[in-house]
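Contents: one structure, followed by commentary.
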Amino acid sequence: MTSLWLLLAIALFGTALLALIGHLPYAGRVSVIISAAKVAASLWLAYGVLEHGPLLSAGKLFFVDAFNVYLIVLTTFVGFTTAIFSHRYMAHEADVRGLGHRRMRLYHSMYHAFLFAMLAALVANNLGILWVAMEGATLATVLLVSIYRTPESVEAAWKYFVLCGVGIAQALFGTVLLYFAAEQVIPNRDDALLWTVLYATAGSLDPTVLTLAFVFLLIGYGTKVGLVPLHNWLPDAHSEGPTPMSAILSGLLLNVALYALVRVKMLVDGSLGTNLAGHLLMGFGLVSFMAAGLFLHRQRDIKRMFSYSSIEHMGLMTFAFGIGGTLATFGALLHMTVHSLAKSALFVTAGHVSQVAGTQRIERIRGLIRTQPALGWSLLIGTVALAGFPPFGLFASEFLVLTATINSWPWLALPLLVGLSIAFAGLFRHLQPMVYGEPPPGQTPVRVNLLPVLAHMVLLLWLGLAMPGFLADWFKQATVLITGSWDTDELL
Amino acid sequence: MDLAKLSLSDQAVIASAALILFTSFIMLAQARIRPLIYAFAWQGVLLALITALVALVSGQSHLYISAALTLGLKAFLIPWMLHRLAVRLNVQHEVEPLANPSILLLIGSALVIFSYYVSVPIVQFSTLVIRNTVAVSVAVVLLGMLVMVARDKAIAQVVGFMSIENGLFFAAVVSTYGMPMVVELGIAFDVLVAAVLFGVFFFQIRASIDSLDVSRLNRLREIDE
């Protein structure tokens with residue numbers, strides 16, 4: 001319990017401290033130290049949950065089980081490696097783009113405020129608090145998207161604010177409806193929005209109201225996941241803001257939004273006894289997966305390209321959670337982890353790449369492997385990992401999802417395979433000239449810190465080749481929580 | 001339905017719900033910025049009033065706190081902030097030409113009918129009062145969205161955004177006597193922060209496109225040509 005409070009306290013402390021000292025030269029280092037402390041606290045928390053089972057705080061405000069604890073560790077870890085990257089990157093950006101003291105304070109402080117909101121959303125036992133934290137995440141990051149004050153970035157931030165705000169308002173309406181249904185059967189009003197109480201009474205909630213609530217929650221949190229056709233804000237917000245923001249938005253925010261959706265699905269499944277929620281998720285997921293793969297081909301901005309790839313992967317996960325069942329859920333959980341690692345590593349690389357080339361336009365980024373081999377190789381290997389090649393972790397998870405699809409919906413395996421190849425082609429047609437082309441004259445290397453990229457790649461390799469036993473066990477526990485069973489027949 | 005058979009307080013609730021819907025329509029068609037902000041403030045006053053009424057009828061004393069919070073935030077603080085921003089940006093007398101106000105109002109009416117249709121499954125176990133008020137709250141949410149779609153000025157869009165929030169709050173009050181207190185405080189905090197951030201954005205938008213007409217924010221495209 002102490003570890004949970006400590007984790008949230010560190011995040012809040014970081015927000016407050018960096019609001020005061022964020023402009024100082026060593027602020028980036030302080031941010032790294034605070035992020036490292038968060039990782040330590042989250043590991044302590046995870047150890048506690050692994051040893052002693054689910055955790056319910058006094059007052060039932062927070063709840064940690066196998067499903068959210070691994071996302072908590074992932075969130076703090078990616079937050080930590082991105083902070084390492086952000087330290088030098090933002091110092092460079094502050095020089096080049098002339099970010100003043102106030103904006104640097106804003107940046108560092110809001111970085112931790114965003115992580116606090118993510119953690120609060122993950123540990124919240126109360127659906128209402130989850131909503132407040134999700135909206136808080138938008139509010140914390142929206143000023144960072146427009147931090148460069150270019151017309152494009154202001155437009156992107158405005159779109160992000162308005163579209164996400166309206167989208168997530170639907171989720172609040174869904175929450176009200178859910179509360180309405182729960183209040184009829186749960187005697188204590190204050191308990192009627194708690195996950196722990198709702199799961200116990202799911203069977204007696206009114207199915208009509210719950211269906212309606214799910215539709216609203218799907219639209220609301222689906223906007224945040226970036227499901228097509230609610231995705232318009234995502235590529236803009238991810239491409240116009242500073243790169244560390246893109247890394248944590250793509251790597252963390254989308255995951256947490258999907259987490260909320262899956263939690264709601266578990267509840268609705270318990271009440272309806274049908275797979276309606278699953279079918280809706282499958283539909284939205286598959287459409288997003290296919291559409292984003294096609295959009296990939298038409299992008300001219302390296303960060304926009306990776307944003308569309310995020311939509312594609314989130315679509316795949318949504319689809320897999322929709323199928324349900326042991327194999328698909330296990331695959332989706334694994335995919336959440338490996339996609340976060342791969343995508344944040346790629347955004348880190350893309351940030352350095354655009355510093356080398358002086359632009360984010362793909363057609364003007366050329367010959368990286370000659371100018372700065374380390375960077376060129378990072379981009380190449382990162383993209384190979386992202387496209388789902390063995391031996392990286394994404395191959396394992398995509399393979400699991402594909403197998404599950406063949407088992408339960410054989411004819412859907414075809415669009416899935418087509419979609420995977422479309423996305424693969426989309427990534428590589430842009431990647432090849434960027435890495436191997438002729439470097440423009442005068443292109444010089446910049447100081448980079450590829451430690452985060454290396455760490456993520458090693459983890460991806462490790463997850464792809466030999467998943468450690470405790471992690472597999474962890475995913476297994478989470479799968480049992482989500483699907484309600486561990487069907488060994490499916491695994492053979 | 002027989003309105004005369006309802007208790008006096010229930011009739012008052014229905015009457016204020018009707019007035020809230022009316023303020024939504026004003027927001028839809030009011031072309032001038034200052035009266036638009038006043039319409040939003042009146043909606044906040046009515047919302048606080050209806051919350052206090054529901055608290056009185058149901059005996060849910062925590063709703064008095066919500067009512068006070070609504071009155072302070074939605075009826076005074078946010079309209080005052082918007083008004084001050086409009087003055088500082090010197091747009092308070094601006095008139096936004098609406099292409100087709102009558103068609104807009106017709107679409108609005110259609111949305112109200114649609115809301116009654118949507119609310120049928122939610123209200124099947126409820127009383128006459130709730131049946132009407134839930135439908136009205138859905139209508140306020142939809143009309144707020146229509147305001148955001150139809151209007152180009154950033155301030156008008158923010159008013160639409162905030163009135164969506166009003167509609168959601170209204171739905172919570174009439175269908176479930178509000179949300180748990182901790183959630184309500186969190187939402188109020190988010191709304192307040194959002195209002196402050198919108199203010200910051202007005203200045204950023206004006207600095208970037210020299211206008212508050214957000215339809216001119218059109219540099220980013222889904223597909224680069």
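The values are calculated or read from the model by the stated rules, or taken from the named source; none is laboratory data. Keep in mind the model is a prediction, meaning the values are calculated, not measured. Don't worry about glycine lacking a Cβ; one is built from the backbone with ideal geometry, like all the others, and counts go over all protein chains shown.
Which one of these does B:Arg206 not meet: (1) over 20 Å from the mean Cα position of the chain (by Cα); (2) in contact (Cβ under 8 Å) with a residue 40 or more places away in the chain; (3) within 7 Å of chain A (Cβ to nearest Cβ)?
It is condition (3) that B:Arg206 fails.
Being surrounded by 22 or more Cβ atoms within 10 Å (Cβ to Cβ), more than 11 Å from every other protein chain (Cβ to nearest Cβ), of a type in the set (A, V, I, L, M) and under 18 Å from the mean Cα position of the chain (by Cα): is that true of B:Ile164 here?
Working: surrounded by 22 or more Cβ atoms within 10 Å (Cβ to Cβ): yes; more than 11 Å from every other protein chain (Cβ to nearest Cβ): no; of a type in the set (A, V, I, L, M): yes; under 18 Å from the mean Cα position of the chain (by Cα): yes.
In short, no.
Please work out which one of (1) touching a residue at least 60 places away in the same chain (Cβ under 8 Å); (2) more than 21 Å from B:Thr23 (Cβ to Cβ); (3) more than 8 Å from chain A (Cβ to nearest Cβ) is the condition B:Ala195 fails and give its number.
(2)
Pull up the stretch B:167-180, narrow it to residues that are part of a helix (DSSP H, G or I) and more than 8 Å from chain A (Cβ to nearest Cβ), then point me to the one that is surrounded by the fewest Cβ atoms within 10 Å (Cβ to Cβ).
Of the stretch B:167-180, the ones part of a helix (DSSP H, G or I) are B:167-176.
Add one more test, that the residue is more than 8 Å from chain A (Cβ to nearest Cβ), and what stays is B:167, B:169-170, B:173-174.
Values: B:Gly167: 28, B:Phe169: 27, B:Phe170: 30, B:Val173: 28, B:Val174: 25.
Ranking the candidates gives B:Val174 first.
List every residue pair whose Cβ atoms sit under 8 Å apart, with the two residues 6 or more apart in sequence or on different chains, where the first one lies in the stretch A:184-209 and is under 13 Å from A:Ser271 (Cα atoms) and more than 11 Å from chain B (Cβ to nearest Cβ) and the second, anywhere, is surrounded by fewer than 20 Cβ atoms within 10 Å (Cβ to Cβ) and of a type in the set (Ser, Thr, Tyr).
A:Val185/A:Thr201; A:Val185/A:Ser204
Could you grab the pairs with beta carbons closer than 9 Å, sequence gap of 6+ or different chains, first residue in the stretch A:131-146 and facing chain B (nearest Cβ under 7 Å), second one among the aliphatic types (A, V, I, L, M) and not in a helix (DSSP H, G or I)?
So the pair list comes out as A:Val132/A:Ala124.
Can you go through A:Gly419, A:Gly442, A:Gly388, A:Gly437 and tell me which one is of a type outside the set (Phe, Trp, Tyr), over 20 Å from the mean Cα position of the chain (by Cα) and on the phi > 0 side of the Ramachandran plot?
A:Gly442
Have a look at B:Leu21, B:Leu85, B:Leu47 and point out the one that is at pLDDT 90 or above, touching a Gly at 6+ places or on another chain (Cβ under 7 Å) and of a type in the set (A, V, I, L, M, F, W, C).
Details: B:Leu21 fails: touching a Gly at 6+ places or on another chain (Cβ under 7 Å); B:Leu47 fails: touching a Gly at 6+ places or on another chain (Cβ under 7 Å).
Of the residues listed, the single one that is at pLDDT 90 or above, touching a Gly at 6+ places or on another chain (Cβ under 7 Å) and of a type in the set (A, V, I, L, M, F, W, C) is B:Leu85.
With A:Ser239, A:Ser288, A:Ser310 as the choices, which residue is touching a strand residue (DSSP E or B) at 6+ places or on another chain (Cβ under 8 Å), assigned to a helix (DSSP H, G or I) and among the hydroxyl-bearing types (Ser, Thr, Tyr)?
Values: A:Ser288 fails: touching a strand residue (DSSP E or B) at 6+ places or on another chain (Cβ under 8 Å); A:Ser310 fails: touching a strand residue (DSSP E or B) at 6+ places or on another chain (Cβ under 8 Å).
None of the others qualify; the one that does is A:Ser239.
Just to be sure before I move on: is A:Leu379 in a helix (DSSP H, G or I), more than 22 Å from the chain's Cα centre (by Cα) and either modelled with pLDDT under 90 or hydrophobic (A, V, I, L, M, F, W, C) (or both) in the structure I sent? It would help to see each step written out before you state the result.
Numbers: in a helix (DSSP H, G or I): yes; more than 22 Å from the chain's Cα centre (by Cα): no; either modelled with pLDDT under 90 or hydrophobic (A, V, I, L, M, F, W, C) (or both): yes.
Spelling it out, it is not the case that A:Leu379 is in a helix (DSSP H, G or I), more than 22 Å from the chain's Cα centre (by Cα) and either modelled with pLDDT under 90 or hydrophobic (A, V, I, L, M, F, W, C) (or both).
I'd like to know if the stretch A:210-223 contains one or more residues that are without any contact (Cβ under 8 Å) to a residue 40 or more places away in the chain, facing another protein chain (nearest Cβ under 8 Å) and either of a type in the set (Gly, Ala, Ser) or not in a loop (DSSP other than H, G, I, E, B) (or both).
Yes, some residue in the stretch A:210-223 is without any contact (Cβ under 8 Å) to a residue 40 or more places away in the chain, facing another protein chain (nearest Cβ under 8 Å) and either of a type in the set (Gly, Ala, Ser) or not in a loop (DSSP other than H, G, I, E, B) (or both).
Identify, from the list A:Thr488, A:Thr483, A:Thr444, the residue that is crowded, with 16+ Cβ neighbours inside 10 Å, modelled with pLDDT under 90 and out of contact with any strand residue (DSSP E or B) (no Cβ under 9 Å at 6 or more places or on another chain). Give the steps one after another, and end with the answer.
Working: A:Thr488 fails: crowded, with 16+ Cβ neighbours inside 10 Å; A:Thr444 fails: crowded, with 16+ Cβ neighbours inside 10 Å.
Just one listed residue meets the conditions, A:Thr483.
Output yes when any residue across the stretch B:214-225 is more than 10 Å from chain A (Cβ to nearest Cβ) and not in a loop (DSSP other than H, G, I, E, B), and no when none is. Even if it seems obvious, please write down each step before you answer.
Taking the stretch B:214-225 as the starting set, the residues that turn out to be more than 10 Å from chain A (Cβ to nearest Cβ) are B:215.
Next, only the ones that are not in a loop (DSSP other than H, G, I, E, B) stay: B:215.
Taking every residue of the stretch B:214-225 in turn, at least one turns out to be more than 10 Å from chain A (Cβ to nearest Cβ) and not in a loop (DSSP other than H, G, I, E, B).
Which of the residues that make up the stretch A:363-383 are touching a helix residue (DSSP H, G or I) at 6+ places or on another chain (Cβ under 9 Å) and free of Cβ contacts under 8 Å to residues at least 12 places away in the same chain?
A:Trp377, the sole residue that qualifies.
Within the bounds of the stretch B:10-23, is there any residue that is of a type in the set (Gly, Ala, Ser), touching a residue at least 40 places away in the same chain (Cβ under 8 Å) and touching a Lys or Arg at 6+ places or on another chain (Cβ under 7 Å)?
If we filter the stretch B:10-23 for residues that are of a type in the set (Gly, Ala, Ser), which is where we start, we get B:12, B:15-18.
Among the residues that remain, those that are also touching a residue at least 40 places away in the same chain (Cβ under 8 Å) are: B:12, B:17-18.
In the following step, the residues that additionally are touching a Lys or Arg at 6+ places or on another chain (Cβ under 7 Å) were identified as none.
No, every residue in the stretch B:10-23 fails to be of a type in the set (Gly, Ala, Ser), touching a residue at least 40 places away in the same chain (Cβ under 8 Å) and touching a Lys or Arg at 6+ places or on another chain (Cβ under 7 Å).
Taking A:Pro441 as meeting all but one of (1) in a loop (DSSP other than H, G, I, E, B); (2) within 23 Å of A:Ala385 (Cβ to Cβ), write down the number of the exception.
With respect to (1) in a loop (DSSP other than H, G, I, E, B); (2) within 23 Å of A:Ala385 (Cβ to Cβ), A:Pro441 is out only on (2).
Here are A:Ala9, A:Ala41, A:Ala37: which of them is in contact with a Leu (Cβ under 9 Å, 6 or more places away or on another chain) and surrounded by fewer than 20 Cβ atoms within 10 Å (Cβ to Cβ)?
Details: A:Ala9 fails: in contact with a Leu (Cβ under 9 Å, 6 or more places away or on another chain); A:Ala41 fails: surrounded by fewer than 20 Cβ atoms within 10 Å (Cβ to Cβ).
Sole residue among the options that is in contact with a Leu (Cβ under 9 Å, 6 or more places away or on another chain) and surrounded by fewer than 20 Cβ atoms within 10 Å (Cβ to Cβ): A:Ala37.
Please tell me if B:Ala110 is buried (at least 20 other Cβ atoms within 10 Å of the Cβ) and either at the interface with chain A (Cβ under 8 Å from one of its Cβ atoms) or not hydroxyl-bearing (Ser, Thr, Tyr) (or both). I'd like the intermediate steps shown before the answer.
Numbers: buried (at least 20 other Cβ atoms within 10 Å of the Cβ): no; either at the interface with chain A (Cβ under 8 Å from one of its Cβ atoms) or not hydroxyl-bearing (Ser, Thr, Tyr) (or both): yes.
Considered against the rule, which asks whether it is buried (at least 20 other Cβ atoms within 10 Å of the Cβ) and either at the interface with chain A (Cβ under 8 Å from one of its Cβ atoms) or not hydroxyl-bearing (Ser, Thr, Tyr) (or both), B:Ala110 comes out as no.
Please go through the stretch B:143-153 and give me each residue that is surrounded by fewer than 24 Cβ atoms within 10 Å (Cβ to Cβ) and hydrophobic (A, V, I, L, M, F, W, C), ordered by number.
Scanning the stretch B:143-153 gives B:Met145, B:Leu146, B:Met148, B:Val149, B:Ala150.
This table checks each residue for (1) within 13 Å of chain B (Cβ to nearest Cβ); (2) in a helix (DSSP H, G or I); (3) more than 17 Å from the chain's Cα centre (by Cα).
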residue	(1), (2), (3)
A:Val228	yes, no, no
A:Ala247	no, yes, no
A:Leu252	no, yes, no
A:Val256	no, yes, no
A:Val268	no, yes, yes
A:Ser271	no, yes, yes
A:Phe295	yes, yes, yes
A:Gln299	yes, no, yes
A:Lys303	yes, yes, no
